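Presented below is the structure to which this report refers.
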Amino acid sequence: MSKRHSGILLHITSLPSKYGIGDMGSFAYAFVDFLNSCGQKYWQILPVNPTDGINGNSPYSCSSAFAGNALLISPEMMVIEGFLQPSEVNTATPFTEGRVDYTKVRAFKEKIFNLAYRRFQKCADHQDFDHFVRAQHYWLEDFALFTVIKSVHGGRGWNEWPGPLKARQPKALKDFARKNLPDLERVKFIQYLFFHQWHKLKAYANSNKVSIIGDIPIYVNYDSVEVWRHPSFFKIDGEGNLQFISGCPPDYFSRTGQRWGNPVYNWAQLKKAKYSWWIKRITHDLQMFDHLRIDHFRGFAGFWQIPANEKLAVFGRWVRGPGAHFLKVLAKQFKPLPIIAEDLGEITPDVIELMKKFGFPGMRVLLFAFNGDIDGNPHVPANYTANCVAYSGTHDNNTIQGWYHQEAKPHEKANIARVLRMKFTARNLHWTMIEVLMRSRAETVIIPMPDFLGLREKGRMNTPATKVNNWQWRLKANALTRRLSQKIARITKKTERSNL
């Protein structure tokens with residue numbers, strides 16, 4: 001990312017579609033065309049791994065670090081690929097346009113997956129599917145077992161399964177697989193659909209000079225196939241009980257810190273295994289994305305570890321992470337290693353040193369620039385270095401207009417003119433901020449789509465430390481106008497970032 005470019009942050013779920021949630025259908029391809037038309041180099045998305053309602057459908061709370069989220073599979077593309085008939089994807093009750101109703105979407109998708117799988121079973125040619133299963137064997141077999149065992153046992157977590165299955169006794173797994181073969185094949189078929197559609201979309205993006213920035217949550221869920229498959233890589237006891245969990249100390253988003261609840265890594269055991277699981281994970285993700293934003297990168301230098309029995313994150317402590325030793329292994333394995341380090345929150349000198357050593361760009365967020373010491377604030381555009389990725393806000397922030405009208409304190413509003421060094425009005429503040437970012441020294445600038453649209457609170461994706469009404473925002477089908485494209489293209493060209 002050593003050239004001046006820019007891009008747009010928009011998660012797949014936020015795309016328009018007729019089926020209640022954004023997916024990898026025609027609107028995804030239209031968005032690539034939109035990015036190309038306005039000179040954008042990057043499309044940044046959020047994690048695309050499986051989510052569930054128990055965890056608020058958060059893409060940062062996943063049951064597998066390798067599998068794809070089946071809700072992102074396009075029914076439209078399934079029809080084109082011959083897995084469904086047009087009449088089978090017609091819905092009697094239209095989905096809501098502006099928000100995702102995950103419960104309704106999940107029920108609809110399960111129905112059409114069943115139809116498609118029955119049709120697939122009758123097909124004579126399974127060559128492409130068989131190749132996929134062989135190529136992804138290292139994670140797909142375990143994911144299928146995990147998914148079906150969980151379903152058979154009423155959705156209970158792996159720690160509540162019968163002892164032989166919980167402990168992954170070979171005979172128990174073999175017997176279960178023999179008895180549930182069609183259901184296991186169905187899980188693999190759905191993953192085949194996801195990855196088939198994803199790689200076609202990525203190829204289209206790349207052929208149109210658009211690179212995709214993926215997002216990797218540093219942690220996985222306790223109730224995940226990874227923890228069940230590799231319990232020694234996490235800080236859990238011999239019975240599978242959590243000993244320590246992840247989180248962060250008090251910060252901008254929470255006075256008592258955040259208690260994320262994921263198991264933290266047992267880095268000593270990962271080191272003994274030569275970090276093989278992480279190498280497989282990065283290999284997998286680099287096949288999916290052109291660049292990787294690693295969420296909570298600072299966890300490699302040091303992580304906030306909370307005793308599992310504590311209810312508040314404030315009672316945790318910092319524990320040293322694997323540091324340079326781990327990253328040297330990755331850097332030797334992957335050339336280049338295109339990582340963006342999410343370095344927000346409490347950043348200590350060891351984190352900065354680690355990023356400098358490996359040349360990873362960090363993040364700057366303009367909405368953090370208006371509080372405290374302006375001269376020393378790294379989020380003030382005048383203080384940016386070239387090797388950073390600058391954002392107006394992230395998926396965790398309010399929109400620019402939402403922040404200004406609903407969150408900004410009087411002293412923050414008073415600092416806006418000093419930080420931006422440009423004239424502005426409340427109405428055009430989002431465009432002024434976008435132009436300031438585009439003019440900055442940062443080699444890469446990413447703007448969330450709701451900020452280009454000037455949306456207020458309704459365009460917010462997530463409110464940290466809350467569990468309801470998140471991850472639901474969707475772009476309206478008529479929002480990507482030619483006028484908007486031309487305006488973005490002009491500012492991109494003027495600031496010498498155009499990819500045209």
Point to revise | Solvent-accessible area, 1.4 Å probe, carbon plus sulfur percent, for the stretch 90-184 | key: 54 percent
Practice item. Would you mind pulling out the separation of the Cα centroids of the stretch 365-397 and the stretch 482-500, in Å? Key: 22 Å
Revision key, fill the gap. From most to least accessible, 1.4 Å probe, no ligand or DNA/RNA atoms counted, 188, 150, 409 line up as 409, 150, 188
Practice item. Mind checking the full-extension length gain between residue 118 and residue 423? Use 0.36 nm per residue of separation minus the Cα-Cα distance, one decimal, nm. Key: 103.6 nm
Revision key, fill the gap. Counting only DSSP loop positions in the stretch 322-424, the chymotrypsin sites (Phe, Trp or Tyr not before Pro) whose Cβ has at most 15 other Cβ atoms within 10 Å are 334
Check your understanding: Can you list the residues, at least 5 places off or on another chain, whose amide H is less than 5 Å from the amide H of residue 365, using H built in the peptide plane?
Key -> 391
Review point. In square angstrom, rounded to the nearest 10, how much accessible surface does residue 178 have for a 1.4 Å probe?
Key: 150 Å²
Exercise for review: Any chance you could look up the accessible area of residue 1 with a 1.4 Å probe, heavy atoms only, rounded to 10 Å²?
Suggested key: 60 Å²
Study note, to complete from the structure: Per-residue ellipticity at 222 nm attributable to helices in the chain (runs of n ≥ 4 DSSP H, -39500 (n - 2.57) apiece, nearest 500 deg cm²/dmol) works out to -12000 deg cm²/dmol
Check your understanding: residue 465 versus residue 279, label points 7 Å from Cα toward the beta carbon: distance in nm?
Key -> 4.1 nm
Check your understanding: So for the pair residue 486, residue 311, with labels modelled 7 Å out along Cα→Cβ, what separation do we get in nm?
Key -> 5.9 nm
Practice item. Would you mind checking the pairs 3/458; 200/280; 179/271; 280/493 and listing those with alpha carbons more than 32 angstrom apart? Key: 3/458; 179/271; 280/493
Review point. Counting only heavy atoms of protein chains, what accessible area per residue, in Å², does the chain have with a probe of 1.4 Å?
Key: 44 Å²
Check your understanding: Could you give me the ³J(HN,Hα) list for the stretch 418-430, computed from phi with Karplus coefficients 6.51, -1.76, 1.60 and θ = phi - 60°, whole Hz, x at Gly and Pro?
Key -> 5, 6, 6, 6, 9, 6, 8, 10, 4, 5, 9, 4, 5
Study note, to complete from the structure: For the chain, averaging the sequence separation of alpha carbon pairs under 8 Å that lie six or more residues apart and dividing by its residue count, the contact order in percent is 21 percent
Revision key, fill the gap. The distance between the Cα centres of the stretch 173-250 and the stretch 23-69, in whole Å, is 15 Å
Exercise for review: Could you work out how far apart the two model spin labels at residue 159 and residue 268 are, taking each label as a point 7 Å from the Cα in the direction of the beta carbon, and quote it in nm?
Suggested key: 2.1 nm
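The values are calculated or read from the model by the stated rules, or taken from the named source; none is laboratory data. Remember, it's a predicted structure, so these values are computed and weren't measured experimentally. Cβ coordinates were reconstructed from backbone atoms using ideal geometry, including for glycine residues, and neighbour counts include every protein chain displayed. Surface accessibility is based on the protein's heavy atoms, side chains included, excluding ligands, DNA and RNA. Shrake-Rupley method; radii C 1.70, N 1.55, O 1.52, S 1.80 Å.
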